[in-house]
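Asks: The structure under discussion is supplied below as structure tokens; questions concerning it will follow.
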Amino acid sequence: MNKASLYYSFENIREKEIRMLIDGFGRKHNYLRVSVTERCNFRCQYCMPEKPFSWVPQEKLLSFEDMFEFIKVGIDEGIEKVRLTGGEPLLRKGLDTFIKMISDYAPNLDLALTTNAFLLEESAQKLKSAGLKRVNISLDSLKTEVAHKIAQKDVLGKVLRGIQKADEVGLKIKINCVPIKDVNDSELIDILEFCKGKGYEVRFIEYMENSHGNVKAGLSSQDIQNIIRKKYNFVKGERVGNSPSQNYFLDDGYKFGIIEPHLDDFCSDCNRLRITAEGFLIPCLYFEDALSIADAIKKKDIQEASNILKKVLQNKPEKNKWGSENNSDRAFYETGG
Ligand code: SAM
């Protein structure tokens, strides 16, 4: 390498350092979860009451153009992974165009979607062509009646066809499942085997208590492990990167995950920020304080949006406030989970 190119690469490194989003506790933030709507076509017992609330009025939602302006700010400041979520993100019209805007701006971005897959059969190809790379799909049961009971709607056939289509078009798939006592706990091995057979990673998520869902009890990580151990040997793997999922490996090498908020302390290496569909920037799921970037973005005041992003980051608590004062009562369907 000659002197000039050496100098150039140091400049690049310096530039990259300036652009990192570091909070008050030294944690690097490179992951933005974007909730594009809080509306959902399911009423999953663990997430949403059957008869909710009032939705955010349509006119208060950020347009995709405004969201994109903010995402660009994030990417320019160091965001490397964006996940679109909700509510149900496929309910929002024009999602493929939105994905294309983001993907064209940052082709190397890790661009993912979390969905219930109900509308995926008809949209998977468009989303993939627009630049989507990965999908995390909620699949809580493989039995028609149980899936119906959880989602409070007849969903299973369409969900399975959505998964199949996503696979066919080449989207990388992970499956999320929330085990609920006396509802789907007898199916965990079936779900694991379904995913193993298809080559998808499954992640069982411990039910997180909240005031919006209506579930008597979820299963702990230990409960989930006890069920799987009845049929399979497995070993615990290392935690990888900033993922909240604890990996486990069956004897044949198949990897499954358990997201263990009751056991684990994700906070020490948290790299996430969230933005709601109306533009609130949330530093932590279990922390009430948030700031809106909506006015700044609508005024095209990019500098102000960037200042708000940094203010929110500096205000992020070292540890979430789950179970304590200043915890947040925001619903998962607002924050995107
Ligand atoms: N509609 C999409 C879906 O169904 O995946 C995206 C939104 S959903 C709020 C995102 C994730 O949050 C899903 O994986 C869901 O299982 C999870 N989730 C929602 N409520 C939860 C709870 N109370 N405990 C644990 N996970 C929850």
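Asks: Once the whole set of protein chains is in place, how much accessible area is left on PHE25, using a 1.4 Å probe, in Å² to the nearest 10?
Replies: In the full protein context, PHE25 sits at about 110 Å².
Asks: List the GluC sites (Glu not before Pro) in region 125-212 that DSSP assigns to loop (not H, G, I, E or B) and whose Cβ has at most 15 other Cβ atoms within 10 Å. Which are they?
Replies: GLU209
Asks: According to the square roots a ≥ b ≥ c of the eigenvalues of the Cα gyration tensor, what is the shape class of region 36-175, taking rounded for a/c under 1.5, prolate for a/b larger than b/c otherwise, and oblate for the remainder?
Replies: oblate
Asks: Averaging sequence separations of C-alpha pairs under 8 Å and six or more residues apart, then dividing by the length of the chain, give the relative contact order as a whole percent.
Replies: After rounding, I find 21 percent.
Asks: I would also like to ask the following. In degrees between 0 and 90, to the nearest 10, how far off the longest principal axis of the chain does helix 120-130 point, with axes built from Cα atoms?
Replies: Computed tilt is about 30 degrees.
Asks: Semi-axes, largest first, in whole Å: what does sqrt of 5 times each Cα gyration tensor eigenvalue give for region 194-263?
Replies: Semi-axes from the Cα gyration tensor: 22, 14, 12 Å.
Asks: May I ask you to work out the translational diffusion coefficient for region 136-181 at 37 °C, viscosity 0.692 mPa s, via Stokes-Einstein with Rh from the Kirkwood sum over Cα pairs, reported in whole µm²/s?
Replies: D = 295 µm²/s.
Asks: Would you give the gap between the C-alpha center of region 18-74 and the C-alpha center of region 90-117, rounded to a whole Å?
Replies: First find each Cα centre; the distance between them is then 13 Å.
Asks: Then there is this: Ordering SER123, SER292 by how much accessible area each has at a 1.4 Å probe, largest first, what is the list?
Replies: These residues rank, largest area first, as SER292, SER123.
Asks: Enter the mean projected area of the convex hull around the alpha-carbon atoms of region 264-337, in nm², rounded to one decimal.
Replies: 5.1 nm²
Asks: What is the log10 of I(q)/I(0) for region 61-105, computed with the Debye formula using one identical point scatterer on each Cα and no solvent, at q = 0.13, 0.14 Å⁻¹?
Replies: Calculated log10 I(q)/I(0) at the listed q: -0.27, -0.32.
Asks: Okay, next question. Sort GLU59, GLU50 by heavy-atom solvent-accessible area, probe 1.4 angstrom, most to least.
Replies: GLU59, GLU50
Asks: For the chain, what % of the accessible area comes from carbon and sulfur atoms, probe 1.4 Å?
Replies: 50 percent
Asks: While we're here: In cubic angstrom, how much convex hull volume per residue do the alpha carbon atoms of region 31-82 span?
Replies: Convex hull volume per residue, Cα atoms: 99 Å³.
Asks: So the label point goes 7 Å from the Cα of TYR105 along Cα→C-beta, right? Which residues of region 57-83 then have their backbone N under 18 Å from it?
Replies: Within reach of a label on TYR105: 61-83.
Asks: In degrees from 0 to 90, rounded to the nearest 10, what is the angle of the helix 156-168 Cα long axis to the longest principal axis of the chain?
Replies: 50 degrees
Asks: Nearest 0.05, what FRET efficiency do LYS28 and HIS262 give at R0 = 25 Å with Cβ-Cβ as r?
Replies: Approximately 0.45, to the nearest 0.05.
Asks: With a 1.4 Å probe and all protein chains in place, put SER211, SER243 in order of accessible area, largest first.
Replies: SER211, SER243
Asks: If a/c stays under 1.5 just call it rounded; otherwise compare a/b with b/c (prolate if a/b is bigger, oblate if not). Do that for region 190-337, with a ≥ b ≥ c from the square roots of the Cα gyration tensor eigenvalues.
Replies: Taking the square roots of the gyration eigenvalues as a ≥ b ≥ c, region 190-337 is prolate.
Asks: Average the reciprocal distances over every distinct pair of alpha-carbons in the chain, invert the result, and give the Kirkwood radius in Å.
Replies: Value: 20.9 Å, from the Cα pair sum.
Asks: Run the 1.4 Å probe and let me know the accessible area of CYS44, rounded to the nearest 10 Å².
Replies: Rounded to the nearest 10, that gives 20 Å².
Asks: Then there is this: Skip the ligands, DNA and RNA, and give the accessible area per residue of region 51-142 with a 1.4 Å probe, whole Å².
Replies: It amounts to 40 Å² per residue over region 51-142.
Asks: Still on this structure, please answer the following. Above 17 Å lies some portion of the pair distances; for region 234-302, what is it as a whole percent of all C-alpha pairs?
Replies: 58 percent
Asks: At 1.4 Å probe size, with no ligands or nucleic acids counted, give the accessible surface of LEU111 in Å², nearest ten.
Replies: Here the accessible area works out near 0 Å².
Asks: Still on this structure: Can you compute the modelled spin-label distance between ASP190 and ARG134, with each label point 7 Å from Cα toward Cβ, in nm?
Replies: 2.8 nm
The values are calculated or read from the model by the stated rules, or taken from the named source; none is laboratory data. Since the structure is predicted, the reported quantities are computational estimates derived from the model, not experimental observations. Using ideal geometry, Cβ is built from the backbone for each residue, glycine included, and neighbour counts are taken over all protein chains shown. The protein model used for the area step is the full one, side chains on, heavy atoms only, and it has no ligands, DNA or RNA in it. Shrake-Rupley method; radii C 1.70, N 1.55, O 1.52, S 1.80 Å.
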